[in-house]
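In what follows, a structure is listed as structure tokens, so that the remarks can point back to it.
The values are calculated or read from the model by the stated rules, or taken from the named source; none is laboratory data. Note that the structure is predicted; figures quoted are calculated from it, not measured. FYI the Cβ positions are ideal-geometry reconstructions off the backbone, even for glycines, and counts take in every protein chain you see. What goes into the accessible areas is simple: the full protein's heavy atoms, side chains included, and nothing from ligands, DNA or RNA. Shrake-Rupley method; radii C 1.70, N 1.55, O 1.52, S 1.80 Å.
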Amino acid sequence: SLCDWSSDVCSPDLPASAPASTPDGAPPPRGGLSFEIRDASTGALMPGKLSFVGVNGTPLPQFTHRDVGLRLEGGIAAYNRVMSLSGEGRVDLPHGHYRVAVSRGPEWDTVVLPVVQVGARGAVVKASLHHVVDTTGWISADFHVHSAASPDSRVPLEDRVFEFASDGVDMIVSTDHNFVADYRPVIAEVGAQGVLASMAGDEITTGLWGHFGAYPLTPDPEEAGQGAIAVRHRNIDQIFADVHAASPAGTVQVNHPRLDAAIGYFSESDFDAEIGRAHV
């Protein structure tokens, strides 16, 4: 029942194809899949992601059908993926055959196990990943991230932490709509301080001029939107001035600048890239 980076088949206790349901329509039985993800150079456990695809007639697994992950020990399972901070754990899967890809973002190679069979005896997956891109002196970051603090997202901040850690992103910048979310206590609570840094920001969301990322900002639970930049009854010059007053060395980022429907600043202002000026 052991799978590792050189194995093609694990737990060969199933027929060639597993049905999506039993003859009486009940869901198929489930088996436990244990996993370990290690750094090939040190042998140490490390964060990583497992992506599952059903093969040989097995349906695509769905751990969840919504944007809130299923909590595991040291990680979460969401849709057809497991995102692990600890690099080890166990997840239940319907009996069947799966292709499993083990990864940690573009800096690391990916191990693909073509056929993993999960049955009554379960299965074990072990993968060692190699760091293949030298990023000395650089960090990776995402400067446009939404969470459940935004009206258009349901993803908890904790789930975002597991997601980013498992994909090898070094910094998460909160930019929820008119809300300054703070990932620091969440990162500390799950023990991800040595893996993931954070910066608090705001996606300034206006009804006329577009959306703008602003960071870094200081979360303030006593203020509206935890210190978000005010947009009501403010023109764009006033909004930009408020950002620089709140964060003198901060950055204003124009998000999706050429989308219509009042969310693209360049479109709404008739921006001319050749001269670097807006016409309205």
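Overview of results
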read-out: Matching residues, region 100-136, being more than 19 Å from VAL82 (Cα to Cα) and open to solvent by 80 Å² or more (accessible area, probe 1.4 Å); value: ALA120, ARG121, HIS130, HIS131, VAL132, ASP134, THR136
read-out: Contacts under 7 angstrom Cβ, first residue in region 224-250 being closer than 17 Å to ASP176 by Cα, partner open to solvent by 70 Å² or more (accessible area, probe 1.4 Å) and at pLDDT 95 or above, 6 or more apart; value: GLY227/THR218; GLY250/HIS244
read-out: Residue satisfying all of: in region 137-157; surrounded by 19 or more Cβ atoms within 10 Å (Cβ to Cβ) and among the β-branched types (Val, Ile, Thr); nearest to HIS65 (Cα to Cα) among these; value: VAL155
read-out: Yes/no for GLU268 being free of Cβ contacts under 8 Å to residues at least 12 places away in the same chain and over 18 Å from HIS146 (Cα atoms); value: no
read-out: PHE271 over 27 Å from PHE162 (Cα atoms) and touching a Pro at 6+ places or on another chain (Cβ under 6 Å); value: no
read-out: Enumeration of residues in region 244-280 that are under 27 Å from the mean Cα position of the chain (by Cα) and among the hydrophobic types (A, V, I, L, M, F, W, C); value: VAL252, VAL254, LEU259, ILE263
read-out: Odd one out for TRP5 among (1) within 30 Å of ILE139 (Cα to Cα); (2) surrounded by 13 or more Cβ atoms within 10 Å (Cβ to Cβ); (3) at pLDDT 95 or above; value: (3)
read-out: All positions within region 224-249 that are out of contact with any Leu (no Cβ under 7 Å at 6 or more places or on another chain), among the small types (Gly, Ala, Ser) and under 14 Å from GLY213 (Cβ atoms); value: ALA228
read-out: Selected residue (only one of GLY210, GLY194 is in contact with a helix residue (DSSP H, G or I) (Cβ under 7 Å, 6 or more places away or on another chain) and at pLDDT below 95); value: GLY210
read-out: Hey, GLU88 surrounded by fewer than 21 Cβ atoms within 10 Å (Cβ to Cβ), in contact with a Gly (Cβ under 9 Å, 6 or more places away or on another chain) and closer than 20 Å to ASP39 by Cβ or not; value: yes
